[in-house]
Structures are given as structure tokens and as C-alpha cells.
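Scroll down for the structure; my scribbles are underneath it.
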Amino acid sequence: MIDTVPRLRGRVAVWTALVCLSCTLPYLRALTLPAISDTYLQVWLGKKYLSFETWPELAADALYRCRATSIWLTGATDALLGSSPLVLKTESLLLHILNVALIVSLGQFSKIGYRVSIPAGLLWGFNERHHEAVMWYASLPEQLVFSFVLLTLFAWLKWWQHDKPIYYVASLGAFLLALLSKESGVVACALLGVPLVYEPRRWRRAVRGAIPFFAISVLYFAFNISARDQHLHWNDGTFKFGWHFLPVMFNSTARLFSAWGFAALAVLIYFRKLIDWRLPWIALLWIPIALAPYSFVAYQPRVPSRHVYLASLGVAILLALACQFLFTRRRLAVGLILIYMTFNTGYIWFYKHGQFVERADVTENLIREAKLLTGENRSSQLRVSCFPLAPEIASIALGQHLGLDEAAIRVEAVNDSTCSKPRVDLIQD
């Protein structure tokens, strides 16, 4: 795969800037959202594990050591800028825009090209299916694992064409950071085979280069499986091994494609004789590969929207390829893209936004009630009942907003089916 040297680098830079700027539109309203419950836990973890002294404790935690990059980023953000909802939402949006730029940058490889990567970045950035990964700050691991998986692939392709050790080391380093972002980072191993689609005769080089990646992955999962009893998500019903992953994969893939993806696939099939099908096949395989780690979800029939953040890039590439054929009728292509952008933006602004406000209300109402109850008396103890989420979230949220020690907040387990909303009581000394 050979780098494309654009005749006008400035034009590519301008298009990249325009795409990145426009992709902020679907999430501008989300900047006004209050903190959702798990955000408080994310900030607490960031504060706790930012210092080097606490890293051994983090390494011993089977769940959070696989989310270390997001925890460190949150801790650094809090230390430098604070942890107000606006700061955290802005950071999340900027990371999303960075990922859009990474997609566009893949166009420098001739087998992809900017005519595919620029519309792919635009269409992916506007895709509403993965909105939760951007709007919910606690989903930061999804964005970071996307960043590092793409950087792994990008550096690998550079190494493949230039054979410079620096690119190989960069690819391996990005892969390690992907594994420290989330367990799904292991899918980068499968993406190392992308150049073989075009140059299968070089398979020996690919195998030799991939050995350290697979060896690290084996050790990574060996440690995780050995600590499975201490891993929260393997014991709270979130994930379990079983054949249910097949219907979950099917439902998730169908929902991810939506009408837009199936229409793009229909266009490609119609023009099948004019297409080099190697890139479409890479895009089609990208989807199940990226969804596979999440398809063992046990509490619903499809993966949550935040978990399709990486997989949705496959659909975006198919849409971009279809656009190439529609651009022969420029007005039709531009019109469809504008409809796509308008629909997805409106869906996030006017439908999903309200749902996230409701999700935030659980802790927001609790905080308001506690502030009214305690008034100026910050030395009081509080008792919280009927709180429907994890007890530590209530303790952390009230501690941060009221300046109380978490030991002064007692959260009772929910065992009453008549509970309608959380209650806060003042305990007099």
C-alpha cells in the first residue's frame, strides 16, 4: 500500500477541518447536559488513581485496569480544569472529533484514498447509532479504544509500506494502550490482516510481525480470566459466555446498518461490476469483528449503542463507497448527505437528549434535595434511601457537591418495591 501524495495538501487540510467542525453539530446541545450518575464514579476513580502510588492497586483491579487510560485522562482533566459537566462533555466531544480526523487521515493510503476517507469521517461523525459513547462521559473507554485501535492500524500500515522499526514500535505501543482502554482493543489483532487483502504473498511478514500482538493478547486474557471472580461484569449479569451471542450479533448488526447502511449495500451490489470489492469486504468484516467482544452481553438482545462506536466505522466506509457512485449525480448525492446529517442531528437533539436528561435526574434530584435539607449545616450526616443505582454513586455525588466526607453519608439498600424516588434524611448528632 503506497501513500497518496495529494497535489494540494491545503485542500485536504481544509476538508478535514470542515468535516471535523461540522461533526460537532449533533453534540452541541449535549454540552448543556448535567452529569449522569456514572460520571461521578468516573471522576472519583480519576482522582484516586491519578498518582503513581495508587497504580499497583489499579493493576490489581480486574475491571478498571482495563480502563486505565480513561481513568488517567479523567484524573488529569480534573486536576487541570476541574470536573464540571461542561468541561467533561467538551473533552468527550473533542475526543470524538479527533477520531473523525483519524478516519480522514486513513485517506493517505492509496487503497483507501481521501475520496473515501473524507466522506467516511463525515458520515461516521454524524451517525446517531453510537451517540451514547459521546454523550455519556463514563463511556470514555469506547472513544479511547477506538483512537488506539485506529492508531495501531495506521502505524501498522506505515510499517508495512516503509519497513521502518519506528512504525512497528508505534503500532505495538498503540495496541498496548488500546488494551489499557478496554478489553475490546484485542480486535486490533484481526485488523493487522488488512494489508494482506491486497498483498497476500507477503503473509510470512504479517505473521512474524503479528506474533507479539497475539502473544500479548493471550497473556492479557489469561490475566483477565484468572481474575474473573473479581471482575464485576462477569458477576453482575452484564456478560456471560453462551450461544446467545449469535442472536445478539445478528440484532446488533441489523440495527447498526439501519436503512442507510442497507441502502448503501444495495447501491454497491447494483454497481458490483465497477467495484474493487476488497475494501467493501474489509468494511463488512470490520463490523462483526468489532462487535464480537460485546456480543456476549446478557441483559438485552443487542449491544448498547456505546458499544457500536468502533463497529460503525464499517458502515461509514460502505456509505462513503456508495457516495462515490452517487456523485455522478451531484445534486442527488449532496441532498442525501444533507438529509442524513439533518436526520441524525435531529434524532440526537430532540429525541435522545431528553432521555439523557431523565438519566441525569436520578442524581440531580438527590443532590438538590440534599442541599435544601442540609442548608448551611455541612457537618450533618445524611441517610439516603430508595436510591435505584449503585450506593457508592450516591455517596460520591453528595460528597462532591456538599463537601461531606463519604463516611457521613449512609446509603440504604433498595428493598422496598414501593419506592418511587430517592429520599434523603438528615441525621442529627
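The values are calculated or read from the model by the stated rules, or taken from the named source; none is laboratory data. The structure displayed is predicted, hence computed values, not measured ones. Neighbour counts run over all protein chains shown; Cβ positions are idealised from the backbone, glycine included.
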Count of residues meeting criterion [surrounded by 15 or more Cβ atoms within 10 Å (Cβ to Cβ), of a type in the set (Val, Ile, Thr) and more than 18 Å from Phe154 (Cα to Cα)] in segment 179-221: 1
Report yes if some residue within segment 239-249 is free of Cβ contacts under 8 Å to residues at least 60 places away in the same chain and under 30 Å from Ile337 (Cα atoms); otherwise report no. yes
Within segment 303-334, count every residue that is modelled with pLDDT of 90 or more and of a type outside the set (A, V, I, L, M, F, W, C). 7
Return yes when Leu366 is buried (at least 18 other Cβ atoms within 10 Å of the Cβ), modelled with pLDDT under 90 and not hydroxyl-bearing (Ser, Thr, Tyr) and no when it is not. yes
What are the pairs, 6+ residues apart or on separate chains, where a residue within segment 335-354 that is at positive phi has its Cβ under 7 Å from a residue that is among the acidic types (Asp, Glu) and assigned to a helix (DSSP H, G or I)? none
Would you mind stating whether Val357 is β-branched (Val, Ile, Thr) and modelled with pLDDT of 85 or more? yes
Check Arg67 against each of (1) of a type outside the set (Asp, Glu); (2) over 22 Å from Ser312 (Cα atoms); (3) in contact with a helix residue (DSSP H, G or I) (Cβ under 6 Å, 6 or more places away or on another chain) and name the one condition it does not meet. (2)
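So is Ala227 surrounded by 15 or more Cβ atoms within 10 Å (Cβ to Cβ), modelled with pLDDT under 90 and aliphatic (A, V, I, L, M) or not?
yes
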Considering only residues that are without any contact (Cβ under 8 Å) to a residue 24 or more places away in the chain, over 15 Å from Leu179 (Cα atoms), hydrophobic (A, V, I, L, M, F, W, C) and not in a loop (DSSP other than H, G, I, E, B), which ones fall in segment 39-83? Phe52, Trp55, Leu80, Leu81
If you check Trp286 against the conditions, is it surrounded by 15 or more Cβ atoms within 10 Å (Cβ to Cβ), in contact (Cβ under 8 Å) with a residue 24 or more places away in the chain, of a type in the set (Phe, Trp, Tyr) and more than 24 Å from Phe148 (Cβ to Cβ)? no
Have a look at Leu256, Leu326, Leu274 and point out the one that is touching a helix residue (DSSP H, G or I) at 6+ places or on another chain (Cβ under 7 Å) and farther than 23 Å from Ser147 by Cβ. Leu326
Among residues belonging to segment 369-392 that are of a type in the set (A, V, I, L, M, F, W, C) and within 15 Å of Lys421 (Cβ to Cβ), point out the one that is modelled with the lowest pLDDT. Leu373
Take the residues in segment 84-116 that are free of Cβ contacts under 8 Å to residues at least 60 places away in the same chain and among the hydrophobic types (A, V, I, L, M, F, W, C); name whichever of them is surrounded by the most Cβ atoms within 10 Å (Cβ to Cβ). Leu88
Please indicate, with yes or no, whether at least one residue in segment 277-297 is under 20 Å from the mean Cα position of the chain (by Cα), within 24 Å of Leu192 (Cβ to Cβ) and polar (S, T, N, Q). yes
Would you pick out the residues in segment 166-212 that are farther than 30 Å from Ala59 by Cβ and β-branched (Val, Ile, Thr)? Val194, Val197, Val207
Just for segment 117-133: of the residues that are crowded, with 24+ Cβ neighbours inside 10 Å and of a type in the set (A, V, I, L, M), which one is farthest from Leu41 (Cα to Cα)? Ala120
Quick one: would you say Leu319 is assigned to a helix (DSSP H, G or I) and among the hydrophobic types (A, V, I, L, M, F, W, C)? yes
Run down Gly354, Gly335, Gly346 and say which single residue is within 30 Å of Cys419 (Cβ to Cβ) and either assigned by TED's automatic domain parsing to the domain that holds Asn127 or among the small types (Gly, Ala, Ser) (or both). Gly354
Filter segment 134-173 down to the residues that are basic (Lys, Arg) and surrounded by fewer than 20 Cβ atoms within 10 Å (Cβ to Cβ) and list them by number. Lys164
Do any helices (runs of 4 or more DSSP H) lying entirely in segment 177-289 carry at least 2 residues that are touching a Pro at 6+ places or on another chain (Cβ under 8 Å), and which ones are they? 245-270
What do you reckon, is Leu332 assigned to a helix (DSSP H, G or I), among the aliphatic types (A, V, I, L, M) and surrounded by 14 or more Cβ atoms within 10 Å (Cβ to Cβ)? no
